[in-house]
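Reading through the structure tokens given below for one structure.
The values are calculated or read from the model by the stated rules, or taken from the named source; none is laboratory data. Values in this document were obtained by computation on a predicted structure and should not be read as measured data. Positions of Cβ are generated from backbone atoms using ideal geometry, with glycine treated the same way; all protein chains shown enter the neighbour counts. Ligands, DNA and RNA are stripped out before the accessible areas are found, and what is left, the full protein with its side chains, is counted by its heavy atoms. Shrake-Rupley method; radii C 1.70, N 1.55, O 1.52, S 1.80 Å.
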Amino acid sequence: TLAGNNYQSQYNDWLSGRLMVCVGEAKDTSAEHVTRRNARVSAYETIKQITEPGDTTMQINRKGKSNEQEQVYATLFIASNHNIPFELPEKDRRIKVTRSSPLPPPAENRETWEFIHARMEDPAFIGAVYQYLMDMDTSEYSPFDNVPANQAKAKLAAASVSEPAELARDFIAQLRG
């Protein structure tokens, strides 16, 4: 539905008035006549329109009701067990990619990982997380800045490159003059 690949995708009233939309599993459910790569590109294009920062006004289509123009401000949280749930260009400024892991992350994210894992058994965990977030310095934060790059996003972007595109990039890199 989110990717626009089934009959229900014409209706987008699930965006209306929402602060957050959670997609429990992003997976390829496209029709057989659509290639997997085209389905992933289509999913990215749809997600890109919804996640555009700033004043986003969209036409909301409701089943059996009149359509309306509304301001959309939902944050999407999309979970997936797939390595490439949708194509993602390396320079995308809208999407943050994270991976869950029982192993400690690289040094730049270790403090947060240790904080969360040390408190997983604590009944006051939600309160501790709330306090941690409230104590964060957000004076430099802007919701219109680009999403920071990280290792997980780089892996998804690299995996999203098609074989012909990779061959073309390598060929161009080897050209002289």
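May I ask you to verify whether ILE84 is modelled with pLDDT under 80, within 13 Å of the chain's Cα centre (by Cα) and not in a loop (DSSP other than H, G, I, E, B)?
On the way: modelled with pLDDT under 80: yes; within 13 Å of the chain's Cα centre (by Cα): yes; not in a loop (DSSP other than H, G, I, E, B): no.
When the stated conditions are applied, ILE84 does not pass them.
Going through (1) more than 21 Å from SER142 (Cα to Cα); (2) of a type in the set (Asp, Glu); (3) surrounded by 10 or more Cβ atoms within 10 Å (Cβ to Cβ); (4) at pLDDT below 75 one by one, GLU32 falls short only on (3).
One line per residue, one yes/no per condition, for (1) touching a Ser or Thr at 6+ places or on another chain (Cβ under 8 Å); (2) surrounded by 16 or more Cβ atoms within 10 Å (Cβ to Cβ):
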{"site": "LYS63", "(1), (2)": "no, no"}
{"site": "GLU70", "(1), (2)": "yes, yes"}
{"site": "TYR73", "(1), (2)": "yes, no"}
{"site": "LEU76", "(1), (2)": "yes, yes"}
{"site": "ARG93", "(1), (2)": "no, no"}
{"site": "LYS96", "(1), (2)": "no, no"}
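For first residues located in the stretch 105-123 and of a type in the set (A, V, I, L, M, F, W, C), partners that are modelled with pLDDT under 75 and lie 6+ apart or on another chain with Cβ distances below 7 Å form the pairs TRP113/PRO104; TRP113/PRO105. All conditions in (1) closer than 25 Å to SER66 by Cβ; (2) assigned to a helix (DSSP H, G or I); (3) modelled with pLDDT under 75 hold for ALA39, with the sole exception of (1). In the condition set (1) touching a residue at least 24 places away in the same chain (Cβ under 8 Å); (2) more than 25 Å from GLU25 (Cα to Cα), ARG94 is compliant with all but (2). Among the residues of this structure, ALA158 does not count as one that is open to solvent by less than 40 Å² (accessible area, probe 1.4 Å) and either out of contact with any helix residue (DSSP H, G or I) (no Cβ under 9 Å at 6 or more places or on another chain) or not β-branched (Val, Ile, Thr) (or both).
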